[in-house]
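S.K.: Once you've had a glance at the structure underneath, I'll fire off some questions.
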Amino acid sequence: MPGIYKEKECPSCYAVHRKRGLFCSQSCANESRIVTDDTKHKLRVKAYEYLQTPEGIANAKLLNAEHRVSIEDFAVSVPDISDYDNYDGFSRAEDW
């Protein structure tokens, strides 16, 4: 029957599948792929070139604006209590 592939076993995760190709998914195919230093260097150069373009600069600014965390996001109020034993809701650190 056309469109039906025979049952195969993925060499990466050993899952049985009926998909086109040797691997069951792109992630399994990427695991067995060997990336040389030359390939890494070429990808690094391309990424650097993209970040120098106006589109790359705008994209980087947009990503930085989304992930920027202000001090107020982490600030917590510290109660000014001298007698912790008589104050409800707080206990000494030794009791933790």
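The values are calculated or read from the model by the stated rules, or taken from the named source; none is laboratory data. Owing to the predicted nature of the structure, the values given are computational and were not obtained by experimental measurement. For neighbour counting, all protein chains shown are included, and Cβ atoms are generated from backbone atoms with ideal geometry for every residue, glycine included.
S.K.: So, in the range 7-41, of the ones that are outside any loop (DSSP other than H, G, I, E, B) and of a type in the set (A, V, I, L, M), which residue ends up surrounded by the fewest Cβ atoms within 10 Å (Cβ to Cβ)?
M.R.: My answer is 16.
S.K.: For the range 60-77, what are the residues that are touching a helix residue (DSSP H, G or I) at 6+ places or on another chain (Cβ under 8 Å) and modelled with pLDDT under 75?
M.R.: The answer is none; no residue qualifies.
S.K.: With more than 30 Å from residue 61 (Cα to Cα), within 21 Å of the chain's Cα centre (by Cα) and not assigned by TED's automatic domain parsing to the domain that holds residue 61 as the only criterion, which of 28, 24, 13 stands out?
M.R.: Result: 28 is the single residue among 28, 24, 13 that is more than 30 Å from residue 61 (Cα to Cα), within 21 Å of the chain's Cα centre (by Cα) and not assigned by TED's automatic domain parsing to the domain that holds residue 61.
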